[in-house]
1. With 10 angstrom as the radius, rank Ser25, Ser132 by how many other C-beta atoms surround their C-beta, starting from the fewest.
2. Under a point spin-label approximation (7 Å from Cα along Cα-to-Cβ), what is the Gln160-Phe20 distance to one decimal in nm?
3. What FRET efficiency comes out for Asn248 versus Asp100 if R0 is 30 angstrom and r is the Cβ-Cβ distance? Round to the nearest 0.05.
4. At a 10 Å Cβ-Cβ cut-off, how would you order Arg11, Arg175, fewest neighbours first?
5. Take the Cβ-Cβ distance between Ala110 and Val431 as r, set R0 to 45 Å, and report the resulting FRET efficiency rounded to the nearest 0.05.
6. How large is log10 I(q)/I(0) at q = 0.16, 0.25, 0.27 Å⁻¹ when the Debye formula is applied to the Cα atoms of region 252-292, each weighted equally and without solvent?
Amino acid sequence: MDQRIYRPAFRRRKAYATAFRVMGSYLWLRFVSRFRGKRWHQKQIGELNHRNADRIKKTILQLQGLFIKFGQLISILSNILPAEFREPLESLQDKVPPRDYSEVRQTIQAQLGKTPEELFDHFEETPIAAASIGQVHKARLGTEEVIVKIQHANIEQTAQADLLIIRILLRLVARFYQIRGFEHLYEQVRQMIEEELDYKREATAMKIISESFEVAPDFQLVIPEVFPAFTTPKILVARFHAGVSIGNVSQLDAWNIDREDLMDRLIRAYCKMILLDGYYHADPHPGNILVNEQGQLVLLDFGATAWLSNKMKGAIPKLIQAIIQDDDAQMLQALQEMGCISKTKESYRTAEKFLGTLKEFINNELEIDNLNVKVHAGAGSILRMVNQLDLREMTQAFEIPKDWVLLNRTITLLGGLSNQVAPGLNPVQVVRPFIKKHLIFTKDGISKIVWDTLKTQATAAIALPGDTHRFLKMANKGDLEIMIRGVSPGFKLVYLLGQQFLFAGLTIYGFSLRGHLGPSLNLAILIGTGLSAILFLRALWRGRKLFRHSD
């Protein structure tokens with residue numbers, strides 16, 4: 001390999017030259033189009049997109065290193081870029097030629113104080129995998145087969161140089177395409193790289209996530225055990241697990257492994273990590289997920305992990321509640337708490353358009369019956385919803401929350417993996433029972449949201465006579481007095497009708513919760529349901545009586 005690619009000056013020249021060449025080509029096309037017309041521009045733009053996509057891909061593959069990860073992360077925003085860029089960015093793989101064994105030997109001796117021959121009973125000089133930050137060798141400790149992950153020498157200096165280049169390029173792209181939130185994308189790249197450069201942090205992440213699955217054996221998820229005595233910031237030793245990539249469907253079929261069950265367990269495992277634990281493995285591409293002959297999932301490479309912030313987790317239920325109540329103001333407030341909306345009038349107008357599209361999707365594609373959410377939408381319906389939005393306009397209104405970048409990439413990778421391994425599986429149908437179990441019938445789940453909705457309706461019903469009185473009092477402040485006979489009985493009928501709907505709803509809701517909660521809560525629900533039924537009958541009787549008298 002050309003050793004120049006490791007020099008920061010060469011990497012800067014190559015990256016900047018490609019960036020300016022790509023942007024310059026679009027500026028030139030825009031200039032010439034003023035004279036040649038829009039039709040000529042439309043004919044030229046597709047071919048230019050292809051050429052520029054090829055230029056970018058060639059540069060990334062030549063420089064390797066952090067640019068591979070940069071291309072992978074930027075692919076989550078590829079909808080705002082020309083379609084021709086999507087495939088090259090999404091298909092990038094972090095594969096580089098391995099470093100010489102002499103360099104590996106020197107790093108191990110510097111970190112652990114002994115040579116590989118002194119530390120291990122056997123050490124294979126040829127690596128089984130190599131990536132931009134390090135490479136993996138197989139070894140043996142006594143009778144235990146292990147993997148040894150060794151960081152490349154001088155990678156920290158290369159990483160800092162690449163991060164500076166990436167930061168400048170992102171600023172140029174953000175200004176050229178007028179995209180907000182790219183600084184968060186850079187922060188995610190920087191944070192991910194700095195964390196990946198510390199193998200002790202990765203070992204800690206493996207321990208935390210492994211312990212969370214020890215109490216959930218039904219997932220059949222294996223996380224390799226780490227050997228702390230042999231682990232440093234640049235060396236990580238863990239137990240070796242045999243298996244094939246989850247993307248090797250022919251081998252899975254040869255082992256008679258149910259691929260839909262496999263993806264079902266993997267998706268539910270990620271639901272647990274993201275929705276319950278709040279700490280998740282953020283790089284689920286096929287090379288990091290193995291399957292053994294027994295059908296167990298083996299999760300590898302915890303260099304990219306992420307926490308879902310309390311702010312994001314807290315705002316999601318508020319958004320759901322606002323959607324149920326059809327409260328646009330609360331929806332915008334929840335999105336603002338997530339850090340998604342810029343504080344401008346244009347942002348709010350675009351956000352309202354987005355909410356309108358989202359609500360239309362929910363009304364057309366979701367059916368909520370007795371707290372049972374039925375999803376009629378497939379991937380095509382979701383894509384149609386996304387395509388209705390002007391994503392360039394969206395980037396002006398919405399900012400990219402810091403913890404959304406890796407989360408979105410994780411979900412995107414899982415969706416692609418599901419389509420590859422089990423194309424007949426609908427991931428939404430896998431997530432639905434998990435959400436129903438852990439978010440609906442819980443103290444702080446959807447039951448609370450429905451209860452808050454009913455309380456809001458109750459408050460409105462109780463306040464109706466008072467509001468009516470205040471309205472009439474305000475009307476009487478003018479010189480003109482309007483007397484309307486029968487207003488008071490009419491509003492009383494409306495009030496009683498509201499009570500009937502309220503208490504009927506509470507009664508039906510109480511019956512729907514039977515058997516889903518603990519014994520003590522079931523008793524409380526039974527008493528509350530009985531009281532609601534009595535109040536419903538009372539409101540019904542009073543309404544009928546008032547109706548007769550009004551005749």
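Where a number appears in this text, it was derived from the coordinates with a stated rule and is not lab data. What you see is a predicted model; the values in this text were computed from it and never measured. Glycine also receives a Cβ, built like all others from the backbone with ideal geometry; neighbour counts cover every protein chain displayed.
1. The fewest-first ordering by Cβ neighbours comes to Ser25, Ser132.
2. Roughly 2.6 nm, to one decimal.
3. E(calc), rounded to 0.05, equals 0.50.
4. Arg175, Arg11
5. Rounded to the nearest 0.05, the efficiency is 0.45.
6. -0.48, -0.93, -1.00
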